[in-house]
Each structure stands twice: as C-alpha cells, then as structure tokens.
Amino acid sequence: MHAGHNLIWGGNGSGKTSLLESIFLLGRGRSFRTRSSERLIRYGRDRLVVFGRTEGEVSQALGVQVSKTDGTMARISGTTAASLTELTQIFPVQVIDPGVHKLVEEGGHRRRRWMDWAVFHVEHQFGEAWVRYTRALKQRNAALRTQAAEVGVWDAELARLGELIAESRRAFIERLLPYWRESVVALSGLEPELHYFKGWAHDVPLAQALGASKARDEARRVTHPGPHRADVIVRLNGRPAREVLSRGQQKLVAVAMTLAQLNLLQEVTQTTPTLLLDDPAAELDESHLRRFIEEVMRLRCQLVLTSLQPESPLFGTPDRVFHVEQGRVQSV
Ligand SMILES: Nc1ncnc2c1ncn2[C@@H]1O[C@H](COP(=O)(O)OP(=O)(O)OP(=O)(O)O)[C@@H](O)[C@H]1O
Ligand SMILES: [Mg+2]
C-alpha cells in the first residue's frame, strides 16, 4: 500500500471488504464486522495468516494468525506478542464502514472499544492498567460464582486500577471535546453532546461502590460497578441520540467521533494512523458526502478506500489503485 491514498475497486463480492478486514486484523487482532475472528477464516480451512510491514523510522514486520483451535496470535518482528494490544501500538488502524452508525445506536460496548483504542495511544498508564483490571475482574466474577468468601480479596486491586482507567478515559474525553465539536458541526450541522459515564456513581470512590454493591453482585454473581460499565453517551437537546437521529445522522455523528479521535491522535502523538473507508458513500446524500470527504482529506492519514468503480471522483486522484476480482488483488 502507498503511504498516502489507496483505492481498492471491484464488483460486489469481489473481496474488497475482506481485504480491509485483513489490514484491520494486523492492527487490532480482531475483525470489524464480526464478533468472532474465526469467521474470517476461509470456509473449510482451520486457520488464516496475515503478514504486513510498517514503514517509517522503524520498520516492523507484523503477523497475525487466527486458528480454530488456538485462537488469535500475533508476532511482531519475529517475537510472539504477549498480548494483542501490542499490535495497536505498532499499527494504529481505524475503520469507517456502512455499519459505523452502530457506534451511536447500539450499547456501550462499541463506544468503550472506540474510546479505549484512542485512550491507549494518548494516556500511557492506560494499557497496562486495563489488562490487569480485566484479569482481576475475571477473578472476582469467578469468585462470585464459586467462592463467595473470596470476593473481597480482589476489591482493593480492582478499585485502584479502576480509578486509574476512569481517570485516563476522563482526561481523554476532555481533550477530545474541542475536536469533536469541530468535526460534528462540520459533518452534520448538529450540535450533539458527549457525556462520559465512568461506570459507577460519579461522586463515590470505586472501593465504596464495590462494597455497596456486594449483596447485589452476590445475588447476580457478577460485578456491577466499575469501568467495564463505562459509556460515552451521545445526546441531542438532552435526549439520547439513538432516539432522535435518523440513520444517516447517526452515521455522520459516528464518523465525527472517529475523525475527532484521529485528529487528536495525530496532534498529540504524532502518529499517522491508517483509515480504512469501506463504501463511504452508503446512506449519505451528496452534500453530506462532500463534507465527509473534505474532513477525511484534511487528516494526514494513510487512506484505504473501497469503491465499485475504478475511480472515485469525489476523493480525487489516488496514489495507488488496486483491482480485486474473485479475492485476488492486483496493483493497477
Ligand atoms: N470466511 C469466508 N470464506 C470464504 N469466503 C468468504 C468468507 N467470508 C466471506 N466470503 C465471501 O467472499 C466474497 C467477498 O466478500 P467481500 O465482503 O469481501 O466482498 P466485497 O468486495 O466487499 O463486496 P461488496 O461490494 O458487496 O461489499 C463474498 O462472496 C463472500 O461471500
Ligand atoms: Mg464490501
């Protein structure tokens, strides 16, 4: 791929989205279309492998394998990665596809993931705290199911890490807001608000919230308060965006969230993320599509764009063009 603007073109079912999936997998260790990366494996096979190389000051070789028996594994310059989040560090990649409106429409899971990808890059203490928190949370939930007496053992660790995570996210959202306001107005003409919810009552330390929730946690056998329940709530005139925005407007708001975080990332970390744009014209009228493209072109990102046609007049002249046919990619 060219470091600038790449166009992937081909007919329906030729393999454009699959190609983007393989690029995304290299930076995230997961699929953007499905919850289970196993579904990316070719029918009838039991594993897939993707290789790539980053360019820049340090060039790194990346390899990701998804196997039906062993799950997902990554290798970075010849060494097996301890965690898939190591890929994130080396290859920052983000996607905007026809399902992007789900970021606004669906539950908090997607928005947490959206937020955490950027928090990870911007707030340095976040990555490790998150990995250790997730581990401790699993232990506490396991104790809730089998050994109620041991539940309290995890509370101090969870509370300490949980506060760190919440603070990183809060700081990130605060830095994001000016970028968000600018891009959401430019894209949609609307002025919705983003509210960060940390995952438990705002005026209570997590240690106290965990204590207060104990009876309920034991009854339901799961930990309620904590950053695993965090959300970024989008509201327009005080009402939830998913209730008041049309599908196209939800898409524009979700795109604004994503472009805002890419802008922040570039300014704060000087990284050049890769943006995958799958079928960007879907569901946008001409004037909104034009604004969308203007905003994308202002990013200094590596861009990989799919199209049904060999050119994409709205996006101008690409640096490189690839044609996909029956899953085979050819540089044009
Ligand atoms: N796991 C899989 N194994 C084999 N083939 C698959 C798998 N998943 C999808 N396919 C097929 O691969 C082909 C390419 O799909 P893909 O979604 O990449 O096409 P596309 O070029 O993005 O099409 P469109 O323009 O319609 O979005 C399709 O025929 C699809 O059914
Ligand atoms: Mg497609």
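Remarks
- The sole residue among 6, 12 that is in a strand (DSSP E or B) and either touching a helix residue (DSSP H, G or I) at 6+ places or on another chain (Cβ under 8 Å) or within 16 Å of ligand 1 (Cβ to nearest atom) (or both) is 6.
- The test for being over 30 Å from residue 145 (Cα atoms), assigned to a helix (DSSP H, G or I), more than 16 Å from ligand 2 (Cβ to nearest atom) and modelled with pLDDT of 95 or more does not hold for residue 268.
- Filter result for the condition that a residue is in contact with a Lys or Arg (Cβ under 8 Å, 6 or more places away or on another chain) and open to solvent by 20 Å² or more (accessible area, probe 1.4 Å), over 283, 218: 283
Residue by residue, here is whether (1) part of a loop (DSSP other than H, G, I, E, B); (2) more than 18 Å from residue 117 (Cβ to Cβ); (3) free of Cβ contacts under 8 Å to residues at least 24 places away in the same chain; (4) open to solvent by 70 Å² or more (accessible area, probe 1.4 Å) holds:
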position	(1), (2), (3), (4)
158	no, yes, no, no
171	no, no, no, no
175	no, no, no, yes
186	no, yes, no, no
209	no, yes, yes, no
223	yes, yes, no, no
228	no, no, no, no
232	no, no, no, no
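- Check on residue 88, closer than 28 Å to residue 297 by Cβ, away from ligand 1 (no atom under 16 Å from the Cβ) and of a type in the set (S, T, N, Q): yes
- Tabulated pairs, the range 266-292, first over 21 Å from residue 54 (Cβ atoms) and within 16 Å of ligand 1 (Cβ to nearest atom), second open to solvent by 40 Å² or more (accessible area, probe 1.4 Å) and not in a loop (DSSP other than H, G, I, E, B), C-beta under 7 angstrom, 6+ apart or interchain: 283/247
- Selected residue (criterion: surrounded by the most Cβ atoms within 10 Å (Cβ to Cβ)) from residues of the range 313-328 that are within 14 Å of ligand 1 (Cβ to nearest atom) and farther than 11 Å from residue 6 by Cβ: 324
- Test: residue 37 is open to solvent by 60 Å² or more (accessible area, probe 1.4 Å), within 12 Å of ligand 1 (Cβ to nearest atom) and polar (S, T, N, Q): no
- Tally of residues being among the β-branched types (Val, Ile, Thr) and touching a Lys or Arg at 6+ places or on another chain (Cβ under 9 Å) across the range 147-188: 3
- Of all residues in the range 17-55, those being without any contact (Cβ under 8 Å) to a residue 40 or more places away in the chain and more than 14 Å from ligand 2 (Cβ to nearest atom) number 19.
- Candidates 297, 257: the one that is surrounded by 15 or more Cβ atoms within 10 Å (Cβ to Cβ), away from ligand 2 (no atom under 16 Å from the Cβ) and part of a helix (DSSP H, G or I) is 257.
The values are calculated or read from the model by the stated rules, or taken from the named source; none is laboratory data. If you're wondering where the values come from, they're calculated on a predicted model, not measured in any experiment. All Cβ positions, glycine included, derive from the backbone under ideal geometry; neighbour counts span all protein chains shown. Surface accessibility is based on the protein's heavy atoms, side chains included, excluding ligands, DNA and RNA. Shrake-Rupley method; radii C 1.70, N 1.55, O 1.52, S 1.80 Å.
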